[in-house]
Amino acid sequence: TILILGACGQIGTELTLNLRSVHGNDRVIASDIREGSGELMSSGPFEILDATNAQAVEDVVVHHNVEEIYLMAALLSATAEKFPDRAWNLNMTSLFNVLDLAKEGKIDKVFWPSSIAVFGPNTPSEQTPQATIMEPSTVYGISKLAGERWCAYYHRKFGVDVRSVRYPGLISWKTQPGGGTTDYAVEIFHKAVAGEPYECFLKEDSRLPMMYMEDAIRATINLMQADADDVKVRSSYNLASMSFTPEEIAREIQKHKPEFTVSYAPDFRQDIADSWPGSIDDNQARTDWGWEPEFDLSATTAAMLEGLGGSQ
Ligand code: VAH
């Protein structure tokens, strides 16, 4: 059985639905601190569960005979700047709870998401290498860097089979993202479909690595299905598909919606975005376990407008 912690989040929702289609609805237990979308709740088992409560997580693992955990619960970059202690507690305590269950042999395999947020202002920002300078300047990035080091430690010291990817900004329509700096790339579509102008909280030329959710989910499942000895990186794999600026995605949307307009009013999230790379070198993931993206900006835009029911 598979357990998803944070199943109601932007990634968790679609990850749960996809894992249920691969493994069968009853083999995938969704959990979160609150209930989620209709499709998530109606498609299989759900538990209200606080990922920072070690005993509660262990009780669910034992009760459902869980063998694999996907830990998708976290506070993201913008929210973590507002609530540093809550973010550190959730992001780290939940990880130790899951790594310790694997160390004790109570589960066999762990997926834990990292992020391009592990990179900082002095990281080479074009085609950022797999191994490079990492001085994150955000609470979220610090928690992801620390988490990566702990994953590598538990693998080396205790043989824990933990696997991870550094997600770029993720674009999806099934669930709203929560508290991220890249959320503009989702909000912009909701406004375009509603026929309303969009005021973007980043500058028009802020180039960031991005990915359509279908690609991110496929990468996650491919990594988890790879042979353990093919998974050579046990901190976290760089993962990439495209990079774009707010101006570029606005222009792509306007090909479908010529009357759509965007204005730019950078807020505190601009500093966060400025500390992150513009593009990522993910050759190691391609070599080790056959990663290959499918959605570019054009396909992502079409899929988002279709999904939100706004396509013409
Ligand atoms: C965030 N969407 O904005 C997340 C992600 C790379 C960005 O980590 O915080």
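Give the shape of segment 217-304 as rounded, prolate or oblate, defined through the alpha-carbon gyration tensor: a ≥ b ≥ c are the square roots of its eigenvalues, a/c under 1.5 means rounded, and otherwise the shape is prolate if a/b is larger than b/c and oblate if not.
Oblate, because a/c is 1.5 or more while a/b does not exceed b/c.
Counting only helical runs of four or more DSSP H residues, what would the 222 nm mean residue ellipticity of the chain come to if each run contributes -39,500 (n - 2.57) and the total is spread over all its residues?
On the way: 12 runs with 132 residues, N = 312.
Computed mean residue ellipticity for the chain: -13000 deg cm²/dmol.
Please report, as a whole percent, how much of the solvent-accessible surface of segment 209-312 comes from carbon and sulfur atoms (probe radius 1.4 Å). Let's see the in-between values first.
Values: 1870 of 4270 Å².
Within segment 209-312, the accessible surface is 44 percent carbon and sulfur.
Kindly identify segment 1-72 as rounded, prolate or oblate by the Cα gyration tensor criterion: order the square roots of the eigenvalues as a ≥ b ≥ c, call it rounded if a/c is under 1.5, otherwise compare a/b with b/c, prolate if a/b is larger, else oblate.
On the way: a/c = 1.73, a/b = 1.24, b/c = 1.40.
Oblate is the answer for segment 1-72, as a/c is 1.5 or above yet b/c matches or exceeds a/b.
A probe of 1.4 angstrom, applied to the heavy atoms of all protein chains, finds Val231 with accessible area near 10 square angstrom.
In the context of the full protein assembly, Lys203 retains an accessible surface of approximately 80 Å², using a probe radius of 1.4 Å and ignoring ligands and nucleic acids. Taking Cα atoms, how many degrees apart are the long axis of helix 139-158 and the longest axis of the chain, rounded to 10 and kept between 0 and 90? The two axes meet at around 30 degrees.
Computed from backbone phi with θ = phi - 60° and the Karplus coefficients 6.51, -1.76 and 1.60, the 3J(HN,Hα) list for segment 265-276 is 9, x, 10, 4, 6, 4, 4, 5, 4, 5, 8, 9 Hz; x is used for glycine and proline.
Compare Thr175, Thr261, Thr128 by solvent-accessible area with a 1.4 Å probe and give them largest first, with all protein chains kept in place.
Details: Thr175 25, Thr261 75, Thr128 0 Å².
Putting Thr175, Thr261, Thr128 in descending order of accessible area: Thr261, Thr175, Thr128.
Rounded if a/c is under 1.5, else prolate if a/b beats b/c, else oblate: with a ≥ b ≥ c from the C-alpha gyration tensor eigenvalues square-rooted, which is segment 47-160? Here segment 47-160 falls in the oblate category.
Placing one equal scatterer on every Cα of segment 153-215 and applying the Debye formula, the log10 ratio I(q)/I(0) at q = 0.18 Å⁻¹ is -0.73. Protein heavy-atom surface of segment 1-146, 1.4 angstrom probe: 50% of the accessible area is carbon and sulfur, with nucleic acids and ligands not counted. Relative to its Kirkwood radius, the Cα radius of gyration of the chain gives an Rg/Rh of 0.95.
Tell me, what is the per residue accessible area of segment 1-141 in Å², probe radius 1.4 Å?
Here the residues of segment 1-141 average 41 Å² of exposed surface.
Straight-line cross-link reach from Lys203 at under 12 Å between alpha-carbon atoms covers these aspartates and glutamates, not counting any fewer than eight positions away in the same chain: Glu247, Glu248, Asp267, Asp271, Asp274.
The values are calculated or read from the model by the stated rules, or taken from the named source; none is laboratory data. Predicted model only: the values in this text are computed from it and were never measured. Just so you know, the surface numbers come from the protein's heavy atoms only, side chains and all, with ligands and any DNA or RNA stripped out. Shrake-Rupley method; radii C 1.70, N 1.55, O 1.52, S 1.80 Å.
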